[in-house]
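Working notes, beginning with the structure itself.
The values are calculated or read from the model by the stated rules, or taken from the named source; none is laboratory data. It should be emphasised that the depicted structure is a prediction, and the values quoted were computed from it without experimental measurement. Cβ placement follows ideal geometry from the backbone for every residue including glycine, while neighbour counts extend to all protein chains displayed.
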Amino acid sequence: MGDSWGIIKTEKRLLLLPLISGLLCLAVIASFVIPLLHVHTTGAVTTIDDGSGTATVHQDNAYYVVLFACYFACYFVIVFFNSALIACASLHMAGKPSGLGEGFGVALKRLPQIAGWALVSATVGILLRALENQKMIGRILSSILGTVWTLLTFLVVPALVIDGCGPLSAFGTSSRLLKKTWGDQIVAGFSFEIIFFLLAIPGVALVAAGAAMGTSVGVVVIGLGILYFVGLGVIHSALMTIFQTSLYLYARDGKAPEGFEADVLSGAVARV
């Protein structure tokens, strides 16, 4: 994380990418709230007695169509801005100009790959959501499959951006590089989440303190807590994306990119 932070200190403007991405995702979700509520409440439903004294309700397929469109739009925004950040990071590691203009330029060139991967991600996401809506076994399977999918696709976007792979080719590349570099059975050895969980504690304290005050000052304190969470989220997203980029280059080339150490990257993903 320290090595990734070193790049951000040099290129502070990179933090704008996850910030803009997050704001646009919120705008996308907000634009889909009314259509989702509409199809959820007015769509045709079928009630089936499952024999246990309860009823299973199946919502009209229109709900999943609108939800899929929402997923696709959000994934497209996220992948596009992550692609720009990955492009900037990889250029920086190669000692080349790595401004936002260069990053967006690469992302625009990869629009077909980005749209393709957003389509794949949305499809998988909607299938996992449908599975999650089933009984307990469905929720368990959805959780397991979601975790496996996240791991196997961890290096997909760097493959799309850096080497211009297509969505399916990038998925194969991600799986192959993870297996080749870190073994057949692997788990993420990332400590990022633990660190950021601890860093989130001051934000929780601010929100809790503000709520306890119950005054206008309390509202300001809550606002500060929310701003803290936003800043923390932006930094977390940027660091993780830069980390992904460094892992991909290390797995592909067999050597650590500029600014990172090979022994650190080799231990970043641990065997089970």
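State the number of residues belonging to segment 216-272 that are in a loop (DSSP other than H, G, I, E, B) and among the aromatic types (F, W, Y). Full working, then the answer.
Going through segment 216-272, the residues in a loop (DSSP other than H, G, I, E, B) turn out to be 254-261, 267-268, 272.
Then keep just the ones that are among the aromatic types (F, W, Y); that gives 260.
The qualifying residues number 1.
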query = Within segment 5-17, is there a residue that is buried (at least 17 other Cβ atoms within 10 Å of the Cβ), assigned to a loop (DSSP other than H, G, I, E, B) and modelled with pLDDT under 95?
reply = yes
task = Run I195 past the list (1) assigned to a helix (DSSP H, G or I); (2) hydrophobic (A, V, I, L, M, F, W, C); (3) free of Cβ contacts under 8 Å to residues at least 40 places away in the same chain; (4) under 19 Å from I8 (Cβ atoms) and report the number of the one that doesn't hold.
result = (3)
query = Is it fair to say V157 is without any contact (Cβ under 8 Å) to a residue 60 or more places away in the chain and in a helix (DSSP H, G or I)?
reply = no
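When you scan segment 83-133, how many residues do you find that are in contact with a Pro (Cβ under 8 Å, 6 or more places away or on another chain) and part of a helix (DSSP H, G or I)? Quick ask: steps written out before the conclusion?
Looking only at segment 83-133, we keep the residues that are in contact with a Pro (Cβ under 8 Å, 6 or more places away or on another chain), and these are 85-86, 90-91, 93-94, 113, 116-117, 119-120.
If we keep only those that are part of a helix (DSSP H, G or I) too, we end up with 85-86, 90-91, 93, 113, 116-117, 119-120.
Of the residues in that region, 10 qualify.
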message = Given the criteria closer than 16 Å to S83 by Cα, out of contact with any His (no Cβ under 8 Å at 6 or more places or on another chain) and either of a type in the set (D, E, K, R) or in a helix (DSSP H, G or I) (or both), does L177 qualify?
response = no
inquiry  = Please verify whether L177 is of a type in the set (A, V, I, L, M), buried (at least 16 other Cβ atoms within 10 Å of the Cβ) and modelled with pLDDT of 85 or more, treating the condition exactly as stated.
reply    = yes
task = Taking T123 as the residue in question, decide whether it is hydroxyl-bearing (S, T, Y), under 23 Å from F80 (Cα atoms) and in contact (Cβ under 8 Å) with a residue 40 or more places away in the chain.
result = yes
request  = Only residues in segment 94-118 that are within 16 Å of I7 (Cα to Cα) count as the first member; pair them with residues that are among the small types (G, A, S), Cβ under 7 angstrom, at least 6 apart or cross-chain, and list the lot.
outcome  = E102/A87; G103/A84; G103/A87
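Each row is one residue, and each column tells you yes or no for (1) surrounded by 14 or more Cβ atoms within 10 Å (Cβ to Cβ); (2) among the hydrophobic types (A, V, I, L, M, F, W, C); (3) out of contact with any helix residue (DSSP H, G or I) (no Cβ under 7 Å at 6 or more places or on another chain).
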site: V124; (1), (2), (3): yes, yes, no
site: L131; (1), (2), (3): yes, yes, no
site: Q134; (1), (2), (3): no, no, yes
site: G138; (1), (2), (3): yes, no, no
site: L145; (1), (2), (3): yes, yes, no
site: L151; (1), (2), (3): yes, yes, yes
site: L160; (1), (2), (3): yes, yes, no
site: C165; (1), (2), (3): yes, yes, no
site: S169; (1), (2), (3): yes, no, yes
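Specify the residue that is nearest to the chain's Cα centre (by Cα); the eligible residues are those in segment 139-154 that are part of a helix (DSSP H, G or I) and of a type in the set (V, I, T).
T150
Out of curiosity, is S121 under 19 Å from the mean Cα position of the chain (by Cα), closer than 22 Å to F72 by Cα and among the hydroxyl-bearing types (S, T, Y)? Working first, answer last.
Numbers: under 19 Å from the mean Cα position of the chain (by Cα): yes; closer than 22 Å to F72 by Cα: yes; among the hydroxyl-bearing types (S, T, Y): yes.
So S121 fits the description; yes.
Going by the conditions given, is A170 within 20 Å of I78 (Cα to Cα) and part of a helix (DSSP H, G or I)? Talk me through it step by step, then tell me what you get.
Working: within 20 Å of I78 (Cα to Cα): yes; part of a helix (DSSP H, G or I): yes.
Against the criterion (within 20 Å of I78 (Cα to Cα) and part of a helix (DSSP H, G or I)), A170 qualifies.
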